[in-house]
Amino acid sequence: MKPKDQILARMYVALTLLGLAPLAVAAQMGQIVVTETDALRDQVRAQARSSVTIPAMRGAIRDRDGRGLATNTARYDLAVDPTVEGFRGRAGTFFDKLAGLTNASASQYRRRVRGRHSPQYVKLREELTPRQYEAIRGWDVPGVILTPEFGRRYNYGSTAAHVIGHVGSSGNGLAGLELAYDDTLTGTPGRRIVRRDRSGRIEAYVGGKVVQPERGDDLVLTIDLTRQAALENELRRGVRESGAEWGTAVAMDPSTGAILGMANVPTYNPNRPGRAPSEARRNRALTDRFEPGSTFKLVGAVAAIEQGLVSLDDSVETGDGWAVFHGYTMKDVQAHGTISFADVIAKSSNVGMAKTVDELDGGTYYQYARNMGFSQPTWIDLPGEVGGVLKRPPQWSATTQTSMAIGYEVSITPLQLITAYSALANGGLLKRPYVVAERRDVTGKTLWENEPETIRRAFREETADTLRSAFKRVVETGTGTNAQIDGLRVAGKTGTALQLAGGEYSADETRASFVGFFPADAPEVALLVVLGSPQGGPHGGEVAAPVFRRVARRWAGTFPAVVDRMTPESPPAPTGAPTGPRPPADTLPSGRPDAMPDLTGLSTRRAVAWLRGRDIEPQLRGAGKVVRQRPRPGAPLPETRALLTAAQ
């Protein structure tokens, strides 16, 4: 074949193949249309389908009496699908009602529907209130889509802020219980199936599956709102009057470990956490370590008594108020001479305690400090806790043991200290502190209850019983007399520690503290107050003990067992003394007296009115006339509550 013919033949073959290609494509398209139309349509629908998350309502945080400390504010977005059957016929009435409900014009909503981008979805309104939501839902208009949005509200502002914490803009916990129990509080979000057009805009999907969200569980705390507010008020007052830079206070039930109150100054409002500096959001009770000073003498006292080194009545020579230990001079605030070991504790003699502890084996002393919880976190159910710093004996210098005896060369947290003194109050058991008492579902059913947990026995019960009398003496005649409360026995210990400044201890920078418990013979409350860099007086007995006293007085009336112990029976009348009838109601004292008057025989209306006129909330049992009262007549007037029993 000639070359010319070969070229022509190849061209004809190529042209024939090119002509057949459109036919092949058309044939394939025909096959798809005939055989695969339904499958492809389903695939397109599936690709255009999407889901929108329906947020779950976050669980509430409540105090021990059920008052809502952290709750939710519900807002709702309103949208409609105008293509749903039945909407067009009711649209006019719907727009008119909606305009009246939202103080907007009906024409505004009509224009939005007419000018919508998506044929099946248009948002009409954001942030509807729950009342508006219920009204719109009650109209039962086809095609209406209501989507919830939840915000977090802290009903009492800064009260218990460091315990509760706060959430972020997306509703996730960032601090406090909001963070520690975030999974419990969050719940399970739901979802709604929607369709998205080519521009990504949402269209309603008629018949789409809706999975309803599940609300988070509630937390019920061990903290009472009234007590917490009193604790914060008195701590704030103590910081202000002493000129301190900061303060922290923790109260615990020594028999269970339940936290009864926890406060810090400065504080912040969790409704607006971003406006507060980071130091105001810090929970110093958990995050700050400090050298405790004389409150740490509890460790040396326990070790010395339990090891048989000394008894409370044994004499200790403190000389002229100074002594040299391993080349380091230690001083007392004043000279005490020869005193009993009980007075070493009561008068807070540094020399006497250092002499006693110096005779202990270093490893033994270290083990007692560990047993009392000063080397590890307490494992409270709050985030951010740090452990203490307790050097092992091989790391000690020549002066470490005597320095530790008076609360130096050791760093602890306030929570560790209150836990150790709670062990003294309860008979030697180290308890794990906790703030969440229960977890409940939306119906109020208890799902889980916190059980008190004993970490270990820190020391023998007999040791605790022996030492409590010495710590009572601290308040009765020693350095803690400013913590005395009329009619209520208190045991405790003062503490003052110099702070390092520029590598040296500065007398101008101190940590002043008082830790104690009441009633001393059957403790219901253990309470610690720490003030940082007070100006009004460097010693814990001068600035921290008064805060303890004021808090204890305000709290005492909220514990029936404490009220019974702080209100002694009235002494019997002298023989032959006229008894006579009780004074009439008109003789009730005006103003706010120091002592509780006799309310028995009064009508409940009269007694309640008198108490409420002095900001005392009565707890009334029965009706008619008052036949019994707590506190009893003559006892200190309570700060917040009184119990009245009445009968016809």
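The values are calculated or read from the model by the stated rules, or taken from the named source; none is laboratory data. It should be emphasised that the depicted structure is a prediction, and the values quoted were computed from it without experimental measurement. Every residue, glycine as well, gets a Cβ built from its backbone with ideal geometry; the counts of neighbours run over all protein chains shown. Accessible surface is based on the protein model in full, side chains and every heavy atom, while ligands, DNA and RNA are left aside. Shrake-Rupley method; radii C 1.70, N 1.55, O 1.52, S 1.80 Å.
Of note:
- Here the spin labels are modelled as points 7 Å beyond Cα on the Cα-Cβ line, and at residue 609 and residue 457 they lie 5.9 nm apart.
- Shape annotation for region 229-311: C-alpha extents along the principal axes are 56, 30, 22 Å, from largest to smallest.
- Our coupling estimate for region 4-18, obtained by passing each phi through the Karplus curve with A = 6.51, B = -1.76, C = 1.60 and θ = phi - 60°, is 5, 5, 4, 5, 5, 5, 5, 5, 4, 5, 5, 5, 5, 5, 5 Hz, Gly and Pro reported as x.
- Taking amide H positions as modeled 1.01 Å from N, with prolines and chain starts lacking one, the residues under 5 Å from residue 124 and 5 or more places away or on another chain are 78, 79, 80.
- For Rg and Dmax of the Cα atoms in Å, calculated from these coordinates, the label among (1) 27.1, 82; (2) 25.7, 85; (3) 36.4, 157: (3)
- Long-range HN-HN contacts of residue 51 with modeled amide H, under 5 Å: 194
- Cα-based helix-to-principal-axis angle, 362-371 vs the chain, degrees rounded to 10: 50
- Placing unit charges on the Cβ atoms of the charged side chains and taking the dipole of the chain about its Cα centre, the candidate lying farthest along the positive direction among 60, 268, 485 is 60.
- Among 646, 366, 29 the positive-end extreme of the charge dipole of the chain (Cβ point charges): 29
- Accessible-area composition of the chain, carbon plus sulfur, in percent [1.4 Å probe]: 49
- Placing +1 on the Cβ of every Lys and Arg and -1 on the Cβ of every Asp and Glu, with no other charges, gives region 348-454 a dipole of roughly 60 debye about its Cα centre.
- Computed [θ] at 222 nm, deg cm²/dmol, the chain (DSSP H ≥ 4; -39,500 (n - 2.57); rounded to nearest 500): -10000 deg cm²/dmol
- Reachable lysines, given that their alpha-carbon falls under 18 Å from the alpha-carbon of residue 391 and they are not under 8 places away in the same chain: 297
- Cross-link pairs beyond the 29 Å C-alpha cut-off, checked among 472/625; 431/493; 123/209; 355/431; 355/472: 472/625; 355/431
- Reachable aspartates and glutamates from residue 445, criterion Cα separation under 17 angstrom, eight or more residues apart if same chain: 63, 65, 214, 217, 218
- Residues in region 346-374 that a label on residue 399 would reach, taking backbone N under 15 Å of a point 7 Å out along Cα→Cβ: 351, 354-355
- Amide H partners (placed H, <5 Å) of residue 224, local residues excluded: 64
- Aspartates and glutamates with Cα under 20 Å of residue 347, excluding same-chain neighbours fewer than 8 positions away: 291, 313, 314, 317, 320, 332, 358, 465, 476, 542
- Furthest towards positive pole of dipole, 556, 101, 354, structure part the chain, Cβ charges: 101
- Each Lys and Arg Cβ is given +1 and each Asp and Glu Cβ -1; about its Cα centre, region 100-161 then shows a dipole of about 300 debye.
- Region 132-175: trypsin sites (Lys or Arg not before Pro) in DSSP loop, at most 12 other beta carbons within 10 Å: none
- Contact order for region 476-545, expressed relative to its length and based on alpha carbon pairs under 8 Å spaced 6+ residues apart, stands at 33 percent.
- Mean separation of Cα contacts under 8 Å, 6 or more apart, over the residue count of region 400-506: relative contact order %: 19
- Normalised contact order of the chain, rounded percent, pairs of Cα under 8 Å and 6 or more residues apart: 12
- For region 222-276: rounded, prolate or oblate by the Cα gyration tensor [a/c cutoff 1.5]: oblate
- Charge dipole magnitude, Cβ of K and R +1, D and E -1 - the chain, Cα centre, debye nearest 20: 3680
- Computed with a 1.4 Å probe over protein heavy atoms only, the accessible surface of the chain comes to 47 Å² per residue.
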